[in-house]
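What follows is calculated from the coordinates using simple rules that are stated; it is not laboratory data. Everything quoted here is computed from the prediction, not taken from an experiment. Note that each Cβ is placed from the backbone with ideal geometry, even for glycine, and that neighbours are counted across all protein chains shown.
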C-alpha cells in the first residue's frame, strides 16, 4: 500500500471516529435518560466509525482512536453528571479520581474497545501511518 493511501485511510478513519463519537454521545444520553448507563457506547461507536470505512490495519489509527474514545467516555459522563463542586470539564478532570470505580472501568472499556475496533482489517501496515 502506498504511503499516500495510508494517510488517506488514516484521515478517513479519524473522520469516521468523529462521526461515530457524535452518534455514541447522542445514544449514551438517550439511553441514560431512560435509566441505563451505557458509558462504553461513545467510545465503542467512535472505534467502529474509525475502522468501518478503511482498507488497511493501522496501529497508529487504533491508538489515536482509543485515546479519543477514552476522552469521549469521560466527556460524556461529565455532560451527564458533572461534579456539584465545579461544573467545568477541567474541574471534572482534576477530580477524576473521585469517580465510582464502575465509571472508570466503563470509560476504560470504551477506550480499549474504541482502539481495537479502529485498527481496521487486513494485515498491519508498516511505516508511520
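Structure summary
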item	result
Rounded D (µm²/s) - segment 1-80, Kirkwood Rh over Cα pairs, Stokes-Einstein at 37 °C, 0.692 mPa s	259 µm²/s
Computed helical MRE - 222 nm, the chain, DSSP H runs ≥ 4 contributing -39500 (n - 2.57), nearest 500	-23500 deg cm²/dmol
Extension gain, residue 94 back to residue 30 (0.36 nm per residue minus Cα-Cα distance, nm)	20.4 nm
Debye log10 I(q)/I(0) for segment 28-129, one point scatterer per Cα, at q = 0.14, 0.22 Å⁻¹	-0.55, -1.02
Taking N as its residue count, the alpha carbon Rg of segment 77-118 over 2.2 N^0.38 Å	1.29
Mean Cβ neighbour count within 10 Å, used as a protection proxy, ranking 14-22, 108-116, 68-76, 42-50 highest first	42-50, 68-76, 108-116, 14-22
